[in-house]
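In what follows, a single structure is set out as structure tokens and then discussed.
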Amino acid sequence: MRISIVGCGYVGLVTGGCLAAVGHQVNCADSDAERVRALVAGHIPIYEPHLEEVISRARSDKRIEFTGNLAAAVESAEAIFICVGTPPLENGEADLSAIDAVARVIATEARGPKLVIEKSTVPVRTGEQLRRALEVYGRTSGAKFQVVSNPEFLREGSSVCDFLHPDRIVVGVDEPAAAEKMREIYRSILERKFQCPVHNGACPPGAPPQFVVTTINSSELIKHASNSFLALKISYANQLADLCERLGADVEEVTRAMGLDPRIGPQFLRAGIGFGGFCFPKDIQAFYRLAERAGMDFMLLKEAERINKSRIDQFVEKARRALWVLKGKQVSVLGLSFKPNTDDIRFAPALEIVRRLLAEGAMVHAYDPQGMKKTQAEFPTVKYCENAYDAVSGADAVLLLTEWPEFRELDWARVHGMMVRPLVLDGRNLLDPGKMRGLGFEYHCIGRPD
Ligand code: UDX
């Protein structure tokens, strides 16, 4: 099927690249001429494992192209995925102006029937507004539009794998015919019949994805409901960690045992310095704002957000208690990105902690495998280091803020000898307390006996 992607950000590039990888003809359009130029030149402006090879393979097979000509991309396609950004407005609600702008182009440039697919994260009832906008803007073109909601559940750092091996594919439609077209688009993924660029064809065994057909409103709600519930689970684990610290229990053991109950499940129970990234913080807020507009106080989500914000205060207080005075101390930070395997620092808990340390006069030396470039603009006074050993050299304390696997593999005996004081505060419970204390470290972590 001829597919166009409008919006070549993270979701658009993963969607376009993966749909091309499973055999579709894809045209990716973006109004940012600079971004299009970079993409045409083969430069992928985000760090996402496997994405570069997926797109370069699709390019050499002539199955994907990049353009700044939205009108042509609209006209040439049977199905159009809207993947533009919906950033939060001041009041926490989602900014839908980019979707409105795309609707105008689609409605005025279409010369035939189009499947218009919402892929961006949008509040409920956006589909209704989109259908209305297409009718109004397209009243002279006479083109027919089928609107579909198709939320993504991609996690940064594993999104190519998540797209090709989803647990479920959710489509919200008004007409069964639109659902059939979506099934057609995802057929090879639903039947697990494609050459997988992640597993080189040797994909791990597993059940085929569920194809969930529902209404547009329910589909839009499923996205926010899923993300908010995952955030809730993390905040629950973090409150549990606080209790474990007070009662001398070990949150890692508690959550592991909880997770063995399939009704609870082991995932998203990792306590730490809180959730970040461009999804959970904004989605949880957009969701309770949406509830407010519908006359309901979603207190649970507000509490999950409050708990999440308090993780930063608690961790900085832990550092203050351990160091007594932060001013003039060299505090080395391992990890800046909001989670491993990404260069994304948006709403990263690590950055908030760095901000606090600097505000109290600490000298921050930092290392992150991918996130330093984007952090430099925001924190020019931080010393960015070549590697983790460079960062910990001469430190009064090391704060582990993102659980990059390479930090676990460090030669911690060597680190011990390089620090002024062997003090480690592990905000992600990445390291083994017994091993660290055995090496002579003062080791503090989250929700485990000190
Ligand atoms: C999330 C959802 O997982 C994904 O389905 C959706 O499409 C987009 O939002 P992402 O933001 O990439 O994906 O990251 P995720 O892996 O979900 O982690 C989010 C945050 O939660 C990170 O800061 C991570 O460190 C934190 N987290 C995650 C925890 O603190 N504990 C956990 O157990 C899991």
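Annotations
- Approximating the spin labels as points 7 Å out from Cα along Cα→Cβ, the Asp32-to-Val136 distance works out to 2.8 nm.
- Rounded to 5, the percent of DSSP beta bridges in the chain classed as antiparallel: 5
- Cα gyration tensor category, rounded, prolate or oblate, for region 299-385 with a/c compared to 1.5: oblate
- Accessible surface of the chain, 1.4 Å probe, proportion on carbon and sulfur as whole %: 54
- With DNA, RNA and ligands ignored, accessible area of Arg63 (1.4 Å probe; Å², nearest 10): 50
- Solvent-accessible surface (1.4 angstrom probe) belonging to Ser56, in square angstrom, nearest 10: 60
- Three-way shape label, region 1-86, alpha-carbon gyration tensor, a/c 1.5: rounded
- For the chain, the Cβ-based charge dipole about the Cα centre amounts to some 160 debye (Lys, Arg positive; Asp, Glu negative; other atoms uncharged).
- Per-residue SASA entry for Glu78, accessible area with 1.4 Å probe, Å² rounded to 10: 80
- Cβ-Cβ FRET estimate between Ala359 and Phe268, R0 fixed at 35 Å, reported to 0.05: 0.70
- Within the shell defined by Cβ-Cβ distances under 11 Å, the residues around Leu357 carry a net charge of +3, with Lys and Arg each +1 and Asp and Glu each -1.
- Count Lys and Arg as plus one, Asp and Glu as minus one, and take only other residues whose Cβ is under 12 Å from that of Ile264; the net charge is then +2.
- For region 156-297: rounded, prolate or oblate by the Cα gyration tensor [a/c cutoff 1.5]: oblate
- On a per residue basis, region 121-259 carries 48 Å² of accessible surface, using protein heavy atoms and a 1.4 Å probe.
- Using the Cβ of Ala110 as centre and a radius below 15 Å, the other residues enclosed give a net charge of +3, where K and R count +1 and D and E count -1.
- Label-reachable residues, region 381-401, where backbone N falls under 16 Å from a point 7 Å from Arg421's Cα toward its Cβ: 393-400
- Crossing angle, helix 126-137 versus the chain [Cα axis fit, 0-90 degrees, rounded to tens]: 40
- Label positions at Ser310 and Asp167, each projected 7 Å from the Cα along the C-beta direction, are separated by 2.8 nm.
- For the set Lys282/Lys339; Lys233/Lys435; Lys119/Lys302, the pairs lying more than 20 angstrom apart at their alpha carbons are Lys233/Lys435; Lys119/Lys302.
- Using every pair of distinct Cα positions in the chain, the Kirkwood expression returns a hydrodynamic radius of 23.6 angstrom.
- Dipole magnitude of region 295-432, debye to nearest 20 (Cβ charges: Lys/Arg +1, Asp/Glu -1, about Cα centre): 440
- Dipole orientation for the chain: of the candidates Gly85, Pro405, Asn69, Asn69 has the Cα lying most toward the positive pole (charges on Cβ; Lys, Arg +1; Asp, Glu -1).
- The GNM of the chain, with springs linking C-alpha atoms under 10 angstrom apart, assigns the highest mean-square fluctuation among Cys161, Cys18, Cys203 to Cys203.
- The residues of region 338-441 have, on average, 41 Å² of accessible surface per residue, using a 1.4 Å probe with all protein chains present.
- Under 18 Å from a label point set 7 Å out along the Cα-to-Cβ vector of Asp100, the amide N atoms of region 126-146 belong to 126-139.
- Spin-label pair Ser226-Ser158: with each label point 7 Å from Cα along the Cα-Cβ axis, the two points sit 1.4 nm from one another.
- Stretchable slack from Thr215 to Arg125, in nm (0.36 nm times residue separation minus alpha-carbon distance): 31.3 nm
- Karplus-derived HN-Hα couplings along region 143-157 (A = 6.51, B = -1.76, C = 1.60, θ = phi - 60°), whole Hz, x at Gly and Pro: 6, 9, 10, 9, 8, 10, 9, 9, x, 9, 10, 6, 9, 4, x
The values are calculated or read from the model by the stated rules, or taken from the named source; none is laboratory data. Computed from a prediction, not measured in an experiment: that's the story for all the values here. Backbone-built Cβ (ideal geometry, glycine too); neighbour counts: all protein chains shown. We work out accessible area using only protein heavy atoms, side chains counted, and drop any ligands, DNA or RNA first. Shrake-Rupley method; radii C 1.70, N 1.55, O 1.52, S 1.80 Å.
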